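Just so it is clear, none of the values below were taken in a lab; they were calculated from the coordinates. Quantities reported herein were computed from a predicted structural model and do not represent experimental measurements. All Cβ positions, even for glycine, are placed from backbone atoms using ideal geometry, and neighbour counts span all protein chains on display.
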Ligand SMILES: [Mg+2]
């Protein structure tokens, strides 16, 4: 069977590692000045091929799901804590980046022993992309499980709320999950995108929240000019940038070059875009010259195998 998690996770980790050295830098429009190779140092002074918190939290979530044979919010937070305190799940045995809202949530869990579902930031300013960036395993898990729409919503809400509990973050995660599920069920990226505007998000979210995503849900995102695309760490801007890059490029390589050269939150925009285009075009479409530089590939393969074993052998039904 097609190795979905390998396509998605390598797509994600490569996009992350490509963006790390130029995080927080301005947009590059001049084609000849765009970063197209995997390089080291720069913004975080880490060697080439180093993934960041985005990939660490994503693989921590994968590891938890396969180990617990399902979703256990305490265990996921235990593994996030282990990442933050002990550098588990890192590329260089060092944690060099973490968002404020995420750090506060992990502190609430690990130091104050709060219920994991009560740890996430609830204010409107707590809408960075910190929960969106770790949703890939959840999207795949939900694709493999025949859950009701309400059950899926509950899981997405709870997973986001471990760190990001505001409705804007939760809806961003839900739109991302819905897009991936459509792709995995065989739709083209265009059809998957168009289906988003038909979803009844108003059952779970108020109009103010839904309006934040109007530029995605109005069906016209592909036609926006690059100047209208903001690639900041605000979850709405991040998701918009990633879908825009996915819709406006025709292979994995192009999508990552487009994504990371948008500037600002380049690692997360690169990673999330890469998760989508990795799933769409597959592992074999990822340039070898980038793959060969990624750190700890054997470790990632091990985690991918374990997750696949769980999905294929445990009590999880393949959808469709
Ligand atoms: Mg990062």
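How do 135-147, 183-195 rank on mean C-beta neighbours within 10 Å, highest first?
Working: 135-147: 22.2, 183-195: 15.8.
Packing proxy ranking, top to bottom: 135-147, 183-195.
Name the most mobile residue of 158, 207, 86, meaning the one with the largest mean-square fluctuation, in a Gaussian network model of the chain with Cα contacts below 10 Å.
In the Gaussian network model the winner is 207.
Only counting other Cβ atoms within 10 Å, I'd like 307, 96 sorted with the fewest neighbours first.
Values: 307 24, 96 16.
Ranked by crowding around the Cβ, least crowded first: 96, 307.
Which of 75, 305, 227 moves the most in a Gaussian network model of the chain with Cα springs under 10 Å?
227
Please work out whether the range 177-320 counts as rounded, prolate or oblate from its C-alpha gyration tensor, where a ≥ b ≥ c are the square roots of the eigenvalues and a/c under 1.5 means rounded, while otherwise a/b larger than b/c means prolate and anything else oblate? Working shown, then result.
Numbers: a/c = 1.91, a/b = 1.22, b/c = 1.57.
Oblate.
Could you work out how much longer the chain between residue 67 and residue 154 gets when fully extended? Use 0.36 nm per residue separation minus the Cα distance between them, nm to one decimal. All intermediate terms of the calculation are to be shown ahead of the outcome.
Numbers: separation 87, 0.36 × 87 = 31.32 nm, distance 2.12 nm.
Full extension from residue 67 to residue 154 adds 29.2 nm.
FRET efficiency for residue 85 and residue 202, Cβ-Cβ distance as r, R0 = 45 Å, nearest 0.05?
0.65
Given the Cα atoms of the range 121-172, and with Rh set as the inverse mean 1/r over their pairs in the Kirkwood sense, what is Rg to Rh to two decimals?
Values: Rg = 11.0 Å, Rh = 11.1 Å.
Rg divided by Rh gives 0.99.
For the chain, what log10 I(q)/I(0) values come out of the Debye formula at q = 0.08, 0.10 1/Å, with one point per alpha carbon and no solvent?
Calculated log10 I(q)/I(0) at the listed q: -0.31, -0.49.
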